[in-house]
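Below is one structure; the comments refer to it alone.
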Amino acid sequence: MLVRQVANVFDLMEYFERRRRPATLAEISDDLDWPRSSTFNLVGTIVEKGYLYEPRPRGGYYPTPRWLALAQSIAEAEPLPDEVQAAVAEIAEKTGETTAVSAVTGVHAMFLLVIESRHSVRYHARVGDRVPLYASSAGRAILAQLTPAARQALYRKMDFAPFSETTPTNADVIERELAEAEVRGFHQSASEYTPDLAGVSLPLVVGARNLSVVVAGPTSRCLERRPATAAIMIEALGRHGLGTDKPKRGQKG
């Protein structure tokens with residue numbers, strides 16, 4: 001269920017991320033196709049809370065540094081360890097492809113850390129983006145860490161929508177893929193959710209958190225390189241004390 005008023009706050013922040021300069025009420029209303037009255041009420045509320053201000057009188061509104069202070073404070077309470085960030089940076093550098101760390105949220109894997117490829121044709125991903133657990137290697141690398149009972153509970157909540165011809169469409173298919181990944185030593189995907197995208201993922205356990213690290217890019221460049229990519233990932237994780245054995249199912253729940 002989407003609560004529109006809440007979604008509008010984040011739509012507004014993403015609008016300023018793209019715009020990167022102040023905006024008047026009229027510009028916000030026109031650009032986001034919002035009613036003027038709703039725009040006035042939303043912006044006024046955020047101003048009162050201290051998250052928007054007018055850098056110049058009548059020059060439009062812009063987010064205050066309070067957003068940054070809030071985000072930093074939250075992140076400091078449960079940060080990704082330095083060794084995870086270092087390993088991800090090394091993997092991104094050596095593979096040349098977009099590399100991310102994801103965590104489970106509902107029936108999705110959400111990206112917590114992203115380093116995008118420098119290639120002009122690449123997998124565009126941002127922190128906060130979500131992919132289905134069942135239709136992504138990043139998601140299945142998380143599912144592999146859960147107990148069979150925990151996985152079955154999640155499967156009952158999934159709609160198994162077929163995004164492409166390669167999308168797994170039921171729990172039995174997912175379980176077979178997890179078994180194959182256990183033998184293979186890594187999780188992989190090919191255009192299951194995003195067209196022409198190939199991915200490689202490994203489980204990543206940080207404290208009590210079940211995470212995964214994924215490398216993804218266009219199939220033309222990455223599909224045949226998946227075993228070599230996995231080898232790079234395993235080596236980098238091991239070098240930073242995050243070594244992983246072959247992905248074993250149900251060891252953590």
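The values are calculated or read from the model by the stated rules, or taken from the named source; none is laboratory data. Owing to the predicted nature of the structure, the values given are computational and were not obtained by experimental measurement. Every residue, glycine as well, gets a Cβ built from its backbone with ideal geometry; the counts of neighbours run over all protein chains shown. The area values use the complete protein model at the heavy-atom level, side chains included, leaving out ligands, DNA and RNA. Shrake-Rupley method; radii C 1.70, N 1.55, O 1.52, S 1.80 Å.
For Phe111, are the conditions met, namely being of a type in the set (Phe, Trp, Tyr), assigned to a helix (DSSP H, G or I) and either within 24 Å of the chain's Cα centre (by Cα) or over 30 Å from Ser137 (Cβ atoms) (or both)? Taking the combined requirement at face value, the residue does not satisfy it.
Taking the conditions (1) under 20 Å from the mean Cα position of the chain (by Cα); (2) more than 18 Å from Ala109 (Cβ to Cβ) in turn, Glu180 satisfies each one other than (1). The single condition among (1) at pLDDT 95 or above; (2) open to solvent by 60 Å² or more (accessible area, probe 1.4 Å); (3) within 19 Å of the chain's Cα centre (by Cα) that Glu192 does not satisfy is (2). Of all residues in the range 71-95, those satisfying the criterion of being surrounded by 13 or more Cβ atoms within 10 Å (Cβ to Cβ) and acidic (Asp, Glu) are Glu83, Glu90, Glu93.
Would you mind stating whether Leu68 is within 22 Å of Gly128 (Cβ to Cβ), part of a helix (DSSP H, G or I), open to solvent by 40 Å² or more (accessible area, probe 1.4 Å) and not polar (S, T, N, Q)? Criteria met by Leu68. In the range 171-191, the residues that are aromatic (Phe, Trp, Tyr) reach residues that are assigned to a helix (DSSP H, G or I) and open to solvent by less than 20 Å² (accessible area, probe 1.4 Å) with C-beta atoms within less than 9 angstrom, at least six apart or across chains, in these pairs: Phe186/Ser137; Phe186/Ala141; Phe186/Thr229; Phe186/Ala230; Phe186/Met233. Scanning the range 151-174 turns up one or more residues that are open to solvent by 50 Å² or more (accessible area, probe 1.4 Å), hydroxyl-bearing (Ser, Thr, Tyr), out of contact with any helix residue (DSSP H, G or I) (no Cβ under 7 Å at 6 or more places or on another chain) and more than 15 Å from Ala109 (Cβ to Cβ).
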